[in-house]
């Protein structure tokens, strides 16, 4: 069944027509041409497709289009801008918290959800927040340091 779904995407209203059961990931990548959200396992287990839905990190591959009707979705493209990157983006670059970058957008979104909920997380809370993300490059220690650095910077802002 085809339907029109209206929601906020990165702070802007969008209207998408498509099968209501189509995944949010498919809509973001193929309909709206936002390519930073990646298709990993397709089962919500690797973290590559995480986006924010009303501030909560969700797997876009498992979120049907109908579920975002009237809600706010944020992708890594909406986290910051080239001229004003988010503190997480800056810290990830400084800490070299990525190698291939495939998992990075999903990790950034989970970290953003964590920092929104808990501005000064403990190291264990950071580890727990990114636990569901698979990174084959082994950059987890740098990722944790980057999230700690971003939290410290946001606390000063």
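Each row is one residue, and each column tells you yes or no for (1) modelled with pLDDT of 95 or more; (2) farther than 20 Å from residue 133 by Cα.
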{"site": "23", "(1), (2)": "yes, no"}
{"site": "30", "(1), (2)": "yes, yes"}
{"site": "40", "(1), (2)": "no, no"}
{"site": "43", "(1), (2)": "no, no"}
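Of all residues in the stretch 1-21 being outside any strand (DSSP E or B) and modelled with pLDDT under 95, which is surrounded by the fewest Cβ atoms within 10 Å (Cβ to Cβ)? Walk me through how you get there before you give the answer.
Our first condition is that a residue be outside any strand (DSSP E or B); within the stretch 1-21, this holds for 1, 10-11, 20-21.
Filter once more, so that each one left must be modelled with pLDDT under 95: 1, 20-21.
On the way: 1: 6, 20: 14, 21: 11.
Within the stretch 1-21, the match that is surrounded by the fewest Cβ atoms within 10 Å (Cβ to Cβ) is 1.
So if I check each of 62, 69, which one is surrounded by fewer than 16 Cβ atoms within 10 Å (Cβ to Cβ), more than 24 Å from residue 135 (Cα to Cα) and at pLDDT 95 or above?
69
List the number of the failed condition for residue 135; all other conditions in (1) surrounded by fewer than 16 Cβ atoms within 10 Å (Cβ to Cβ); (2) without any contact (Cβ under 8 Å) to a residue 60 or more places away in the chain hold.
Failed condition: (1).
Just one of 24, 34, 52, 65 is in contact with a helix residue (DSSP H, G or I) (Cβ under 7 Å, 6 or more places away or on another chain) and closer than 21 Å to residue 150 by Cα; which is it?
Going through 24, 34, 52, 65 in turn, just one is in contact with a helix residue (DSSP H, G or I) (Cβ under 7 Å, 6 or more places away or on another chain) and closer than 21 Å to residue 150 by Cα: 52.
The values are calculated or read from the model by the stated rules, or taken from the named source; none is laboratory data. Please read these numbers as outputs of a predicted model, since none were measured by experiment. Every residue, glycine as well, gets a Cβ built from its backbone with ideal geometry; the counts of neighbours run over all protein chains shown.
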